[in-house]
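Inspection log for the structure reproduced underneath, given as structure tokens.
The values are calculated or read from the model by the stated rules, or taken from the named source; none is laboratory data. From a predicted model like this one, the values you see are computed outputs, not experimental measurements. Positions of Cβ are generated from backbone atoms using ideal geometry, with glycine treated the same way; all protein chains shown enter the neighbour counts.
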Amino acid sequence: MGQPGATGTPRPGPAQAPEGLRTQEATNPGVEIARQVAAYDPRADLQLIENAYTLAAEAHAPQRREDGQPYIVHPIAVAEILAGYRLDAATVATALLHDTVEDTGVTLAEIEKRFGKEVARLVDGVTKLTRLELQSERTKQAENFRKLVLAMSEDIRVLLVKLADRLHNMRTLGGKGSPEKRARTARETIEIYAPLAERIGMDALKTEIETLSFREMNPEAWQTIAARLTYLRGQGADLIEEIEQDLRRVLAENGVHDIEVQGREKSPYSIWLKMQRKNVAFEQLSDIMAFRVIVKDKHDCYAALGAIHSAYRVVPGRFKDWISTPKTNGYQSLHTGVTVPERRNAKIEVQIRTREMHEVAEFGVAAHWIYKQGEGIAPNRKRYPWVRDLLEILESASDPQDFLDHTKLELHRDQVFCFTPKGDLIELPRGATPVDFAYQVHSQVGDNTVGAKVNGKIVPLRHPLENGDQVEIITARGGTPNPAWERFVVTGKARARIRRFVHARQRATQKEEGRAAIAKAFRAAGLDFSEKLAEPAVKALKQPDFETLSIAVASGNLTPRDVLNAAVPELRTPARSMDQMPLARPRGRLGTGPLLTAGKAERPASPRRGDAAMGITGLVAGMAVHFAGCCHPLPGDRIVGIVTTGRGVTIHKNDCHGLEAFSATPERFIDVDWEYDGGAGAGHVGRIELVVENKPAALAGLTTAIARQEGAVNNLRILNRSGDWCEVLVDVEVRDTSHLAAILAALRACPGVTQVERAKG
């Protein structure tokens, strides 16, 4: 394992992953790598490594990298990195062979025959990922990551090989391919692979790939921060070493001996993140230096903390105890922030840990590698709870893209620690709510949640949890997730589960709406509808089953007429047109006596502003009529009239909340209804509330779906916009409630739409 620097030597830059053995120019790099493995694991199968190199060298012999070097340089480098982490022989051999199946004529069966099932399984896991990676599109990337989670859930070594592979690719990324391709690779690395490295505790690797990705994605910012760090380094060349000496002196005076102090600058990427998070300039940052104090045992950790807090002024809110409450990746350390007045009033971060804790912090799972002790493979789902969480998201997500989005939420998070009433610790991201807590306990608990108590007090379900909160979830048997929860939950697991429920409910609604529309078309043709009668249409329209056919109709991809014609071809020229249905005829104008064009059989024009609107019964001829803007009543709704001074009668839905204002004056209520005997026109406004993904062209998709259903957008307003989601309010001109229902169904089928509801008054 990588050795720390000598005591007192300043570390100006962030820690890096092992560089490797630099054996590319050796006579036989395979032998050199095997010797390195033998130095830390005398029981290792060295012949396995040498044979793996021989096969890889032969298979990759004709191939070159983009920079002109022999391709074998890459597998050697990946193997060197993993040997630097002191991993087992099977993993190192897999690193040498990881591209052979994908890029050469070597088969998986040949690898299994020559190297055994273990190496073949690892190579297969990495190969599947690489094959998908090469396709590169975002959907493929999502599917790729899905495969990665499945592979590493069975053996975490697949992830280790993949991280080493990605590290070397990032080290050699410069000058390869187009700037767009390099930026895409860097973005994928920083969004997915860096958080995964953090989750298994490989901090040095995480820091390096973040820095390399940041330099590629935002070169101007990287150059600016790097130049500023260089300048400050020159201004205070001895500052790190001076503070190191101060810390040693303070600790020695307080009886803490046998210590090691390491000072370093924070990475450009971590500095940039802090600038973005706090919205401050570089000059306003105070703690760009971090110091690690490595002591003998846990008792000395707290003794060192007390000594430092006694000697220096503590920065409020910077203390964290990861020793008593370790992170899920096994990380343990004390973190604190202090001000050093005698050293230019510098604000510094101090991390205090033992040697064992330091090795875990730097090298994660590789620091206490299970395989070299011959203990076999522990179930990764038990050893790494976050892998189990990702698998649950995988089961709940409706598609690979959904899974990728929810997983990013799960990976990029600060932590909050809460407790169940029994004292069990539950780790959550910052900003989590009782709903997130419930789903973290168990998916069924989350589904049945109806309320919550935090520290003994009933709180709203959107209440943000804090460190140390005791949370009690109140459940009800047979409960279901509330779609509104998706607006405030922060964990990918909760969001995926809620979205799955919403999707299932929408599908059930669409099924019923589609079936009703098909049945209506059959009745209009004089036929008694049954699913058996519609079976020929399922086959003719290339649908897997009647349910899918009904959903296609509700979504607007097919029309009821298409289904009727496919099921009963002889009715392609029917005697009775469906346009003769009462609600499809032109309708009279409001407030008139006789209805205009009533009884005409011609098909009305597409809805547009100014078309005739449906009349109202129960009114005195010539009375002024207005439609309430709070509830937007439509033909098909049950309605009531309210006499309004100076404005005639205002029409409300009978369940409108605005009617409560008139409860003291019942004499103003009028019993009215729609004039259904007349024709229908447009001119009625339906209001729709939507939650959509905050992506380019999202609104264009909404308006297109509305237009395809012959609706006209009257007004569109964004109520709330977050990082990933937008709440949108749309006013649409429609004919009646059936027309609005068709538009709602079409909107639910739009990509990126998570919630669609008719607004309530």
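This table checks each residue for (1) assigned to a strand (DSSP E or B); (2) in contact with a Phe, Trp or Tyr (Cβ under 7 Å, 6 or more places away or on another chain); (3) of a type outside the set (Ser, Thr, Tyr).
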| residue | (1), (2), (3) |
| --- | --- |
| Arg318 | no, no, yes |
| Val338 | yes, yes, yes |
| Lys347 | yes, no, yes |
| Ile352 | yes, no, yes |
| Glu356 | no, no, yes |
Is at least one residue of segment 258-267 in contact (Cβ under 8 Å) with a residue 12 or more places away in the chain, hydrophobic (A, V, I, L, M, F, W, C), part of a helix (DSSP H, G or I) and surrounded by 15 or more Cβ atoms within 10 Å (Cβ to Cβ)?
-> no
Filter segment 13-62 for residues that are surrounded by 14 or more Cβ atoms within 10 Å (Cβ to Cβ) and modelled with pLDDT under 65 and give the result.
-> Gly13, Pro14, Ala15, Gln16, Ala17, Pro18, Gly20, Leu21, Thr23, Gln24
Please find, among Leu229, Leu205, Leu247, the residue that is touching a Leu at 6+ places or on another chain (Cβ under 8 Å) and in contact (Cβ under 8 Å) with a residue 24 or more places away in the chain.
-> Leu205
Could you say which residue among Gly68, Gly84 is within 23 Å of Met202 (Cα to Cα) and of a type outside the set (Val, Ile, Thr)?
-> Gly84
Looking only at segment 652-670, which residues are more than 18 Å from Pro633 (Cα to Cα) and of a type in the set (Asp, Glu)?
-> Glu667
Checking Lys140, Lys113 in turn, the sole residue that is assigned to a helix (DSSP H, G or I) and modelled with pLDDT under 85 turns out to be Lys140
Filter result (under 13 Å from Arg157 (Cα atoms) and of a type outside the set (Lys, Arg)) within segment 84-112 = Tyr85, Leu87, Asp88, Ala89, Ala90, Thr91, Val92, Ala93, Thr94, Ala95, His98
So Ala524, is it small (Gly, Ala, Ser), in contact with a Phe, Trp or Tyr (Cβ under 6 Å, 6 or more places away or on another chain) and either surrounded by 17 or more Cβ atoms within 10 Å (Cβ to Cβ) or closer than 28 Å to Ala707 by Cβ (or both) | no
Would you kindly identify the strands (runs of 3 or more DSSP E) lying entirely within segment 651-761 that contain at least 1 residues that are under 22 Å from Val625 (Cα atoms) and among the small types (Gly, Ala, Ser)?
-> 684-693
How many of the residues making up segment 485-536 are assigned to a helix (DSSP H, G or I) and either without any contact (Cβ under 8 Å) to a residue 24 or more places away in the chain or over 15 Å from Thr433 (Cβ atoms) (or both)?
-> 30
Check Glu241 against each of (1) in the same structural domain as Glu66 (by TED's automatic domain parsing); (2) at pLDDT below 85 and name the one condition it does not meet.
-> (1)
By residue number, the members of segment 313-337 that are touching a residue at least 40 places away in the same chain (Cβ under 8 Å) and farther than 24 Å from Glu356 by Cβ are Gly337
Mind checking which pairs have a first residue in segment 456-472 that is over 15 Å from Thr420 (Cα atoms) and assigned to a strand (DSSP E or B) and a second that is at pLDDT 85 or above and of a type in the set (D, E, K, R), Cβ under 8 Å, 6 or more apart or different chains?
-> Val459/Lys453
May I ask you to verify whether Ala697 is exposed (fewer than 13 other Cβ atoms within 10 Å of the Cβ) and out of contact with any Cys (no Cβ under 8 Å at 6 or more places or on another chain)?
-> yes
Name the residue, out of Val450, Val471, Val502, Val459, that is under 29 Å from Leu690 (Cα atoms) and buried (at least 19 other Cβ atoms within 10 Å of the Cβ).
-> Val502
